1. Assuming residue 95 fulfils every condition listed in (1) buried (at least 16 other Cβ atoms within 10 Å of the Cβ); (2) over 26 Å from residue 22 (Cβ atoms) apart from one, which condition is it?
2. Given the residues 110, 61, which is the only one that is within 14 Å of the chain's Cα centre (by Cα) and modelled with pLDDT under 95?
3. Please work out which one of (1) in contact with a helix residue (DSSP H, G or I) (Cβ under 7 Å, 6 or more places away or on another chain); (2) not assigned by TED's automatic domain parsing to the domain that holds residue 139 is the condition residue 6 fails and give its number.
4. Taking the criterion of being under 25 Å from residue 43 (Cβ atoms), assigned to a helix (DSSP H, G or I) and β-branched (Val, Ile, Thr), would at least one residue in the stretch 131-142 satisfy it?
5. Can you pull out every residue in the stretch 46-56 that is crowded, with 22+ Cβ neighbours inside 10 Å and either over 14 Å from the mean Cα position of the chain (by Cα) or closer than 19 Å to residue 76 by Cα (or both)?
6. Please work out which residue is surrounded by the fewest Cβ atoms within 10 Å (Cβ to Cβ), limiting yourself to the stretch 1-45 and to residues that are β-branched (Val, Ile, Thr) and more than 19 Å from the chain's Cα centre (by Cα).
7. Among the residues of the stretch 79-88, is there at least one that is crowded, with 18+ Cβ neighbours inside 10 Å, within 27 Å of residue 4 (Cα to Cα) and among the polar types (S, T, N, Q)?
8. For the stretch 125-158, which residues satisfy the criterion of being over 20 Å from residue 73 (Cα atoms) and β-branched (Val, Ile, Thr)?
Amino acid sequence: MTGIIFPAAAAYAAGCVPAAALVERLVGPHSWSRWAGWAVDVVKGFAAVVLFEAAHPWGAALAATAVVAGHVWPIAGGAPGRQPLLVAAGALSAVSPIAVPAWGLIWGLAYVASGWPSAASAAATVLAPLAVGVVAGWPLGLMCVPVCVLVLERMREPIRRVLLGTEPRHLWRGGG
């Protein structure tokens with residue numbers, strides 16, 4: 001039991017570290033500092049799963065869920081991470097290398113169809129476990145579900161704005 005709980009707690013603690021904010025604060029106001037922060041968030045998700053994956057077969061899914069949960073709900077009560085999707089991308093890349101390309105393909109199709117980046121992100125997040133299940137096997141697809149649920153929880157406000165029609169669309173789609 002401790003072989004599952006301690007790695008999950010360590011992954012959660014890693015998720016609580018505001019890595020992107022620290023990087024942006026350290027490098028200062030450069031045009032690339034936001035990108036550097038985003039890259040650090042992806043690496044944080046990937047590293048937490050690789051380092052804290054328990055010996056249990058579902059340890060990678062538990063570590064991925066824990067690191068995203070730590071990013072979304074930090075234990076110290078600080079501000080939640082801004083981009084849980086980036087941490088999830090890193091974590092899911094460690095669980096299944098096909099997860100992020102599948103998400104990207106679905107996002108691109110949904111974005112072209114709708115014109116809303118938020119709607120595309122929500123559609124891709126909902127359908128990514130299904131795509132991973134079809135391509136890489138259903139156990140890996142099921143491992144992606146908890147992480148995707150946590151990301152969708154953080155996307156409630158943009159999804160609400162899409163449903164109300166107040167979310168900005170891309171200019172080529174009109175209504176921008």
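1. Here residue 95 clears every test but (2).
2. 61
3. Evaluating residue 6 over (1) in contact with a helix residue (DSSP H, G or I) (Cβ under 7 Å, 6 or more places away or on another chain); (2) not assigned by TED's automatic domain parsing to the domain that holds residue 139 leaves (1) as the failure.
4. Taking every residue of the stretch 131-142 in turn, at least one turns out to be under 25 Å from residue 43 (Cβ atoms), assigned to a helix (DSSP H, G or I) and β-branched (Val, Ile, Thr).
5. If the condition is that a residue be crowded, with 22+ Cβ neighbours inside 10 Å and either over 14 Å from the mean Cα position of the chain (by Cα) or closer than 19 Å to residue 76 by Cα (or both), then 48, 52 are the ones that fit.
6. So, considering only residues that are β-branched (Val, Ile, Thr) and more than 19 Å from the chain's Cα centre (by Cα), the one surrounded by the fewest Cβ atoms within 10 Å (Cβ to Cβ) is 2.
7. no
8. 126, 132, 134, 135
The values are calculated or read from the model by the stated rules, or taken from the named source; none is laboratory data. What you see is a predicted model; the values in this text were computed from it and never measured. In this analysis, Cβ positions are derived from the backbone assuming ideal geometry, glycine residues included, and neighbour counts consider all displayed protein chains.
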